[in-house]
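Since the structure comes first, as structure tokens, the remarks are kept for the end.
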Amino acid sequence: MSTNALPVLAAANTAPMRPALLLSVLGLVLMLLFVVSLGVGRAPLELAATIAQWMRGDSTLATLILIELRLPRTLLAALVGVSLGLAGAALQGLLRNPLAEPGIIGVSACAALGAVIAFYGGLSAMAPLALPLAGIAGALLAVVLLYALAGRESSTLTLILAGVAINAFAGAATALVLNIAPNPFAVTEIVFWMMGSVADRSMNHIQIAAPLMIVGWALLGTSGRALDALTLGEDTAASLGVRLATLRLMLVLGTALAVGSGVAVTGAVGFVGLVAPHLLRPLVGYQPSRLLIASALAGGVLVLAADVAIRLVTIGPELKLGVVTALIGAPFFLVLVMRLRRETI
Amino acid sequence: MTKVSRAVVALLVLSLATPGSAAPQRIVSLNLCADELVLRLAAPGTVKSVTWLARDPALSNVSAIAQTVPVHRGLAEEIVPLAPDLVLAGAYTTRTTVVLLRRLGIPVFELGVPKSIDEALKQITTVSAALGTQTRGAQLVADIATRLAALPVSTIASQQPIAAVYQPNGFTIGEGSLVNDLLRRAGLRNLAVERRIDNYGELPLESLLLAEPDLLIMNGEAERGRALAYEVLHHPALTRRYSDARVVSIPSAWWSCAGPYLVDAVQRLHQIARQLPAPERPQR
């Protein structure tokens, strides 16, 4: 569905679209995919009839599958997609770096590390909220570290290399924790944490992750105007009345909350925060404030579409979400790198 | 018995000229199922080492006996100094160690995976022959056969309840497995067989719920630490649909290896199958 929408968006490449139109198109696609996602799965389900049953308050096997399996899965895919799209756009604004993305620069990997420690260490069994909080702590650590290393006036290269180092460290530490974990299945579960999945998640996961995630959205979503000013440089922004320290804090905290709580329940899904903002940037006239919401919606579309695609491929065990997003995102990343190189020459 | 080990046994018999004394005196096991067999069948004092897993009560039926025997972790360098005159290994496990032991001229007996109780009984007989304790083997086989024969015969197939084995990560067990034979003997139909799942395969939670088996069979041992693999077993959609009366827990050690606990597993399944409440069919 999103692939159908892409040529339409690309055709309008040169001139920015009317904001209301763009947002309604994205919102419509997101809603459509949401319904499609409810209808797709291993069990054949008559969606309309099942929804009708559920509305009547009937409790059947079909409504159980719809409400307890499909709905949490769909909601979680949308929530995480929105978080990643939003965080990608915000990070690119904060670090003023077009390649900043939670997965590429290691924020997601650190969030996964935090969640892995809380989950396999048994902390989240005692207090469920420990899971998203540990994910947020991991993400926060990464964002703060990255900002210290490559936040101000540093090159794209510095940021990406710092990301490589953070990713490598977080990945190794995650593997280490999983190896020490008492459970024999733990070691094989590194795939979930590095590639991400929403399969067989339940409403419990949404309950623990969504509130913190939405606080993160609020922090990121309200930073638009300040980000617009920041494109003119820190000094100009400050002279326009932007309180830089507050802005930084909002963006860092918002990213950590949105990405950390999501990764804690779905694992790390890569490249969404890169693809979504870059596809939309030309359509919003390169204006960060307008990019944020659009990119959030596009992130939701992307992850939902990936999750629907996964369920349509029925050969063998289910693919992880990150496999699909990386197959699309990694070539995209490469194209961006090449374009950047051309621009600097 | 493999040709090699048969030849080795024959050679030993010839060289010593007294058939009774050919029984191996320094036995080492490299496989959890072989551990149980040697600890049950070998003459006292002849088992020099078993795997470290044998001491784990969650995995092994003979963990108490294994406490009295040294254990190893399956590395050739641990086995060779023990100078075994017979090593029992699984056909699919510790391959590098087996190759190395063979190269050093140590006789290795490879154990297949029994696909039915009959095959399991055959395995007990051949292993006891290799250990030189045929009488013990015959005794164990007779015990198992008698207890099995005492179980009531299963009812008409169409009235049999449908059961699904549900394991961590949403895996189930189907045709061509020991577990499937046990279900059949307990008078249960296996959902995995009807879904044409061979041996060990994935059964998505949605498919399981929609198939509505009358009985869920889960691992009985306590979960060790936390793992995502278990989450599907505790999914609200599943626990809401299946009350405790429709879930039976079987310690996985009971039906993983040839031994007397296979009968205990059939017994437990049979008992639960008979007590099943009327199937809760959904309104549609």
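For the reader, a short list of remarks on this structure follows.
Rundown of residues vs (1) crowded, with 17+ Cβ neighbours inside 10 Å; (2) within 19 Å of the chain's Cα centre (by Cα); (3) farther than 21 Å from B:VAL87 by Cα; (4) touching a residue at least 12 places away in the same chain (Cβ under 8 Å), yes/no style:
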| position | (1), (2), (3), (4) |
| --- | --- |
| B:ARG103 | no, no, no, no |
| B:ILE106 | yes, no, no, yes |
| B:ALA130 | yes, no, no, yes |
| B:ARG136 | no, no, no, yes |
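- Unmet requirement for B:GLU202, which otherwise passes all of (1) more than 7 Å from chain A (Cβ to nearest Cβ); (2) closer than 30 Å to A:ASN179 by Cα; (3) of a type in the set (Asp, Glu): (1)
- Taken residue by residue, the stretch B:150-157 has no member that is at pLDDT below 90, within 14 Å of another protein chain (Cβ to nearest Cβ) and assigned to a loop (DSSP other than H, G, I, E, B).
- A single member of A:GLY85, A:GLY103, A:GLY93, A:GLY135 is away from chain B (no Cβ under 14 Å), surrounded by 21 or more Cβ atoms within 10 Å (Cβ to Cβ) and assigned to a loop (DSSP other than H, G, I, E, B), and it is A:GLY103.
- Residue match in the stretch A:169-181 (condition: in a helix (DSSP H, G or I), more than 14 Å from chain B (Cβ to nearest Cβ) and buried (at least 21 other Cβ atoms within 10 Å of the Cβ)): yes
- Selection count where residues are in contact (Cβ under 8 Å) with a residue 40 or more places away in the chain and not small (Gly, Ala, Ser), scope the stretch B:181-218: 13
- Qualifying residue in the stretch B:152-160 (condition: farther than 17 Å from B:SER252 by Cα, in contact with a strand residue (DSSP E or B) (Cβ under 8 Å, 6 or more places away or on another chain) and either aliphatic (A, V, I, L, M) or surrounded by 17 or more Cβ atoms within 10 Å (Cβ to Cβ) (or both)): yes
- Inter-residue pairs, beta-carbon under 6 Å, first at the interface with chain B (Cβ under 8 Å from one of its Cβ atoms) and in the stretch A:50-66, second acidic (Asp, Glu), 6+ apart: A:ILE65/B:GLU206
- Only one entry of A:LEU244, A:LEU230 meets the criterion of being buried (at least 19 other Cβ atoms within 10 Å of the Cβ) and away from every other protein chain (no Cβ under 14 Å), and that entry is A:LEU230.
- Extreme residue, nearest to B:THR146 (Cα to Cα), among residues of the stretch B:260-274 that are at pLDDT below 90 and buried (at least 16 other Cβ atoms within 10 Å of the Cβ): B:HIS270
- Residue within the stretch A:279-296 that is touching a helix residue (DSSP H, G or I) at 6+ places or on another chain (Cβ under 7 Å), outside any helix (DSSP H, G or I) and either within 23 Å of A:ARG152 (Cβ to Cβ) or of a type outside the set (Ser, Thr, Tyr) (or both) present: yes
- Number of positions in the stretch A:183-208 that are crowded, with 18+ Cβ neighbours inside 10 Å, at the interface with chain B (Cβ under 10 Å from one of its Cβ atoms) and not in a helix (DSSP H, G or I): 7
- In the condition set (1) within 14 Å of chain A (Cβ to nearest Cβ); (2) part of a helix (DSSP H, G or I), B:THR172 is compliant with all but (2).
- A search for C-beta distances below 6 Å between a residue of the stretch B:222-238 that is facing chain A (nearest Cβ under 7 Å) and touching a residue at least 60 places away in the same chain (Cβ under 8 Å) and any residue that is assigned to a helix (DSSP H, G or I) and of a type in the set (S, T, N, Q), counting only pairs 6+ apart in sequence or on different chains, returns B:ALA229/B:ASN169.
- Yes/no for A:LEU113 being over 21 Å from A:ALA210 (Cβ atoms) and crowded, with 24+ Cβ neighbours inside 10 Å: yes
- Subset tally (residues that are in a helix (DSSP H, G or I) and surrounded by 24 or more Cβ atoms within 10 Å (Cβ to Cβ)) for the stretch B:42-59: 1
Residue-by-condition table, conditions (1) hydrophobic (A, V, I, L, M, F, W, C); (2) under 25 Å from A:ALA150 (Cβ atoms); (3) out of contact with any helix residue (DSSP H, G or I) (no Cβ under 6 Å at 6 or more places or on another chain):
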{"site": "A:ALA49", "(1), (2), (3)": "yes, no, yes"}
{"site": "A:MET55", "(1), (2), (3)": "yes, no, yes"}
{"site": "A:THR63", "(1), (2), (3)": "no, no, no"}
{"site": "A:LEU66", "(1), (2), (3)": "yes, no, no"}
{"site": "A:ALA77", "(1), (2), (3)": "yes, no, no"}
{"site": "A:LEU84", "(1), (2), (3)": "yes, yes, no"}
{"site": "A:GLY88", "(1), (2), (3)": "no, yes, no"}
{"site": "A:ALA100", "(1), (2), (3)": "yes, yes, no"}
{"site": "A:ALA111", "(1), (2), (3)": "yes, yes, no"}
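- Residue under evaluation B:SER256, criteria (1) buried (at least 19 other Cβ atoms within 10 Å of the Cβ); (2) more than 19 Å from B:ARG184 (Cα to Cα); (3) of a type outside the set (Phe, Trp, Tyr); (4) in contact (Cβ under 8 Å) with a residue 60 or more places away in the chain, criterion not met: (2)
- Selection over the stretch A:222-264 of residues that are polar (S, T, N, Q), in contact (Cβ under 8 Å) with a residue 40 or more places away in the chain and under 30 Å from A:ALA209 (Cβ atoms) gives a count of 3.
- Failed item, numbered, when B:ALA227 is tested on (1) at pLDDT 90 or above; (2) farther than 29 Å from A:GLY121 by Cα; (3) surrounded by 18 or more Cβ atoms within 10 Å (Cβ to Cβ): (2)
The values are calculated or read from the model by the stated rules, or taken from the named source; none is laboratory data. A quick note: this is a predicted structure, and the numbers were derived from the prediction, not measured. Every residue, glycine as well, gets a Cβ built from its backbone with ideal geometry; the counts of neighbours run over all protein chains shown.
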